[in-house]
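Structure record follows, encoded as structure tokens.
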Amino acid sequence: MDDIPEVVRKPSPSKTTKFNTPLLLGIGFLTLCIAGLIAWGVGKMTASQPQKPVAVNPSPTPSVSPSVTPSPLENILGHLPYKEATLSQLKPITADGSIKMRASAAEEFLKMQKAAKRAGIILYPISGFRSLEAQKHLFFDVKAQRNQETKKRAEVSAPPGYSEHHTGYAVDIGDGRVPGTNLKVAFENTAAYRWLKDNAAQYSFELSFPPENPQGVSYEPWHWRYVGDSDSLETFYKAQQLRKQK
């Protein structure tokens, strides 16, 4: 080798690694196929699973308070229920003690009676506190005696348990000089009624059933009630919730 000139010597083949091109192409193609199959399978599995709905918070509906309809006030033919006063709450307004009223109402009635007397007027008490038993007689027995219909009787007398007289705050008043007008509409023509109309409010008395009253009870110019304290006001002013019954 040393004798051959350097220029004519054949170069030694380089030690480079040879690759099989067709084999590499086949492996690449197979890899792509496998990757495609995996991607297709994952996509199919995802599509087959049920999709969870996306929670959407709707706009809140404004809360509206329902209108409250008050329950109708208990009444029978226009008359309201009243509690019966106890005997210990009563005080006589007549010399014989037969007619009584609640203590506060009795005191004011006696003052009013004295003031009227100074003006020459005689306020004559006809009826004050009335028990349930007494009211049963006035309503049912008198209705039977007079052959009255229940509605007609209720226009002039309350059913038992529904009379203002049970409270001890109500009083029927007559004119001591004109007894023939007692418990009659004609009482409105007496001096006693005119005096009451002008002065009764000073003693906290008012007419219970004026003409066209909302309870639909007949006009009673003789029937007055005391409204001079909290209990009497609460007792009677519930009647303002009623409408005239037809």
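The values are calculated or read from the model by the stated rules, or taken from the named source; none is laboratory data. Just so it is clear, the structure is predicted and the values come from calculations on it, not from any experiment. No Cβ is skipped: glycine too gets one built from the backbone with ideal geometry, and neighbour counts run over all protein chains shown. Only protein heavy atoms, including side chains, enter the accessible area calculation; ligands, DNA and RNA are left aside. Shrake-Rupley method; radii C 1.70, N 1.55, O 1.52, S 1.80 Å.
Annotations
- Hits in the stretch 76-91 - residues which are open to solvent by less than 60 Å² (accessible area, probe 1.4 Å), modelled with pLDDT of 95 or more and not in a loop (DSSP other than H, G, I, E, B): Leu90
- Of the residues examined, Arg146 is one that is farther than 27 Å from Tyr203 by Cα and either of a type in the set (Lys, Arg) or touching a residue at least 60 places away in the same chain (Cβ under 8 Å) (or both).
- Test: residue in the stretch 125-134 that is farther than 29 Å from Asp198 by Cα and open to solvent by less than 60 Å² (accessible area, probe 1.4 Å): yes
- Counting residues in the stretch 94-110 that are of a type in the set (Lys, Arg), closer than 28 Å to Ser232 by Cβ, open to solvent by 80 Å² or more (accessible area, probe 1.4 Å) and modelled with pLDDT of 95 or more gives zero.
- Residue in the stretch 153-164 that is among the charged types (D, E, K, R), open to solvent by 40 Å² or more (accessible area, probe 1.4 Å), at pLDDT below 95 and within 37 Å of the chain's Cα centre (by Cα) present: yes
- Scan of the stretch 208-219 for residues that are touching a residue at least 40 places away in the same chain (Cβ under 8 Å), over 16 Å from His166 (Cβ atoms) and over 25 Å from the mean Cα position of the chain (by Cα), ordered by number: Ser218
- The set of residues from the stretch 160-198 being in contact (Cβ under 8 Å) with a residue 60 or more places away in the chain and either over 28 Å from Glu84 (Cα atoms) or touching a His at 6+ places or on another chain (Cβ under 6 Å) (or both) comprises Tyr162, Ala191, Ala192, Trp195.
- Where Ile121 falls short, out of the listed (1) farther than 15 Å from His166 by Cα; (2) open to solvent by 60 Å² or more (accessible area, probe 1.4 Å): (2)
- Filter result for Phe187 (among the aromatic types (Phe, Trp, Tyr), modelled with pLDDT of 95 or more and open to solvent by 40 Å² or more (accessible area, probe 1.4 Å)): no
- Odd one out for Val217, checked against (1) at pLDDT below 95; (2) open to solvent by 50 Å² or more (accessible area, probe 1.4 Å); (3) among the hydrophobic types (A, V, I, L, M, F, W, C): (2)
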